[in-house]
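Encoded as structure tokens, the structure appears first; notes follow it.
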Amino acid sequence: MFLARLAGIAGLLAALVVAQTTTLQAESATLSGVTVATAVAGYTGTGYVEGFDEGIDKVTFSVPATISQLYDLQLVYNGPYGDKYTYVVLNGAGGSQVSLPATTTWTTVSAGQVLLNAGSNTIEIQNNWGWYLIDSIILSPSPKRGAHKITTQPVSPNANADAKALLKYLGSIYGKNILSGQQDQASLDWVTANVGKTPAILGLDLMDYTESRISRGASSTDVDKAIAFNKKGGIVTFVWHWGAPVGLYDNATQPWYSGFYTAATDFDVETALKDTTNANYTLLIKDIDTIAVQLKKLQDNGVPVLFRPLHEAEGRWFWWGAKGPEPAKKLYKIVFDRLTRIHKLQNLIWVWNSVAKDWYPGNSYVDIVSADTYAQGDHGPISATYNNLLTLTGDTKIIAAAEIGSVMEPSLLKAYQADWAWFVVWSGDYISAGVWNSLDLLKRVYTDAYVLTLDEIQGWR
């Protein structure tokens, strides 16, 4: 009788996991390469876990569930060693990269969602960009998400019919389908030849159109490729790996062609933006004006552009983000105003590409919010990042996966309510080497009804 009562209590505890919010302590989980500590006050339970300094370090939580259900996952952590990332893996496959901003207090952060199976489950907190402290995880049933509140009114003044049509089309499929995309013409051609489907979006770069690269022999035909793809009924997106206009180290360690990286230049964006009379500010304006010529060529050829300047700013590895959010936002607004109000460009859909709230330039300057995520072996929905972007704008802007390494499983996108408008797989080995994405997986994803390809978006205007 006593054992039967114990079994009944255990069953009740398992049922509670799917009925209400549940906190699981890290120090009670299975530890690999990490240890329990108590030196930093304020933790819950009997301690916390530290020592995330090797790639294989992790904490594994065992989570029973009586039914299959989607859960919101939160992570309680302390980050005294600067901005970090961790990685959440559910049942050994699929998950999310989770940002852990620097903090010296115990902080709760959203870690996306997990779809628990009926029965036994595991949730692993794996080392990514390490050196942080983990206190616990919190699970609560995910509420059913209502209709999106997104706007499809362009922020560009006097947006032309092409831009309006593109944003309206994206709004019409948002939450119903995802557009496939591929960076670089050669890689897109590889997809066509080997997968048998052509992506709906071609990703291109304005990198080699500015003076600091042209003067060193660089050239590009990406604008011409965009015009050609548009004529086929496709959609184009442009990123801008903006080489610093001056101050490139140009040495064996940091060659000139790495000039968009913080480590490759002494160009100081904060100093350049302090006034409008210094030489470096003038060089920034010159580069913007140079790019405007190319964007005008696209406009004259009827090409609307998903334009993503100053991408990944919050990572700080590019010079435009190196001095923090305020100079980055200031420069973004200068680019916006210069292109739309001075050059009168009307074909741009403005795509912001950082997640953190303090980096966001504001709804008046952004049509679409996005993120770049690279997690080899993970074909999950990237739900933590999606949900953070949802919160960033109060679900008023369309959300896109502007760069990914691993394609996402359509079934998981739908199950997790991760309504990414599009994905663009990065070029080269990310798409064609079979390591980040197997050919069988690509064929399955590209033929899924949820994923739209070039042939399926004809007439979107």
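The values are calculated or read from the model by the stated rules, or taken from the named source; none is laboratory data. Here the structure is a predicted model, which means the values were calculated and not measured. Positions of Cβ are generated from backbone atoms using ideal geometry, with glycine treated the same way; all protein chains shown enter the neighbour counts. Surface accessibility is based on the protein's heavy atoms, side chains included, excluding ligands, DNA and RNA. Shrake-Rupley method; radii C 1.70, N 1.55, O 1.52, S 1.80 Å.
Checked against (1) within 19 Å of residue 357 (Cβ to Cβ); (2) at pLDDT 90 or above; (3) touching a Gly at 6+ places or on another chain (Cβ under 8 Å), residue 51 passes all but condition (1). Residue 329 falls short on exactly one of the conditions (1) in contact with a strand residue (DSSP E or B) (Cβ under 9 Å, 6 or more places away or on another chain); (2) within 27 Å of residue 152 (Cβ to Cβ), and that condition is (1). Scanning segment 243-270 for residues that are assigned to a helix (DSSP H, G or I), among the polar types (S, T, N, Q) and open to solvent by 40 Å² or more (accessible area, probe 1.4 Å) yields one hit, 262. Just one of the numbered conditions (1) open to solvent by less than 20 Å² (accessible area, probe 1.4 Å); (2) touching a helix residue (DSSP H, G or I) at 6+ places or on another chain (Cβ under 8 Å) is not true of residue 66: (1).
Restricting to segment 193-242, give me the number of residues that are closer than 22 Å to residue 168 by Cα, open to solvent by 10 Å² or more (accessible area, probe 1.4 Å) and in a strand (DSSP E or B). Summing the residues that are closer than 22 Å to residue 168 by Cα, open to solvent by 10 Å² or more (accessible area, probe 1.4 Å) and in a strand (DSSP E or B) in segment 193-242 gives 1.
Listed by position, the strands (runs of 3 or more DSSP E) contained in segment 70-140 that have at least 3 residues being modelled with pLDDT of 90 or more and open to solvent by less than 20 Å² (accessible area, probe 1.4 Å) are 84-90, 103-116, 119-129.
Could you look through segment 175-192, keep only residues that are of a type outside the set (Asp, Glu) and open to solvent by 60 Å² or more (accessible area, probe 1.4 Å), and pick out the one that is farthest from residue 429 (Cα to Cα)? Break it down into steps so the answer makes sense when it comes.
Keep residues of segment 175-192 that are of a type outside the set (Asp, Glu), which gives 175-183, 185-188, 190-192.
Filter once more, keeping what is open to solvent by 60 Å² or more (accessible area, probe 1.4 Å): 176, 186, 190.
Working: 176: 30, 186: 12, 190: 11 Å.
Checked segment 175-192; the qualifying residue farthest from residue 429 (Cα to Cα) is 176.
Residues in segment 370-424 that are within 16 Å of residue 450 (Cβ to Cβ), open to solvent by 10 Å² or more (accessible area, probe 1.4 Å) and either free of Cβ contacts under 8 Å to residues at least 60 places away in the same chain or in a loop (DSSP other than H, G, I, E, B) (or both): 379, 382, 409, 411, 414, 416, 417, 419. Could you tell me whether residue 172 is under 23 Å from the mean Cα position of the chain (by Cα), open to solvent by less than 60 Å² (accessible area, probe 1.4 Å) and under 19 Å from residue 417 (Cα atoms)? Yes, satisfied. Scanning segment 29-45 for residues that are among the polar types (S, T, N, Q) and either over 31 Å from the mean Cα position of the chain (by Cα) or over 18 Å from residue 125 (Cα atoms) (or both) turns up 35, 38, 44.
Residue 350 fulfils the conditions (1) part of a strand (DSSP E or B); (2) aromatic (Phe, Trp, Tyr); (3) within 23 Å of residue 114 (Cβ to Cβ) except for a single criterion, (3).
Restricting attention to segment 333-349, does a residue exist that is of a type outside the set (A, V, I, L, M, F, W, C) and within 16 Å of the chain's Cα centre (by Cα)? The answer is no, given that none of the residues of segment 333-349 is of a type outside the set (A, V, I, L, M, F, W, C) and within 16 Å of the chain's Cα centre (by Cα). What about residue 427, is it open to solvent by less than 40 Å² (accessible area, probe 1.4 Å), out of contact with any Pro (no Cβ under 7 Å at 6 or more places or on another chain), assigned to a loop (DSSP other than H, G, I, E, B) and more than 30 Å from residue 338 (Cβ to Cβ)? So residue 427 fails the test.
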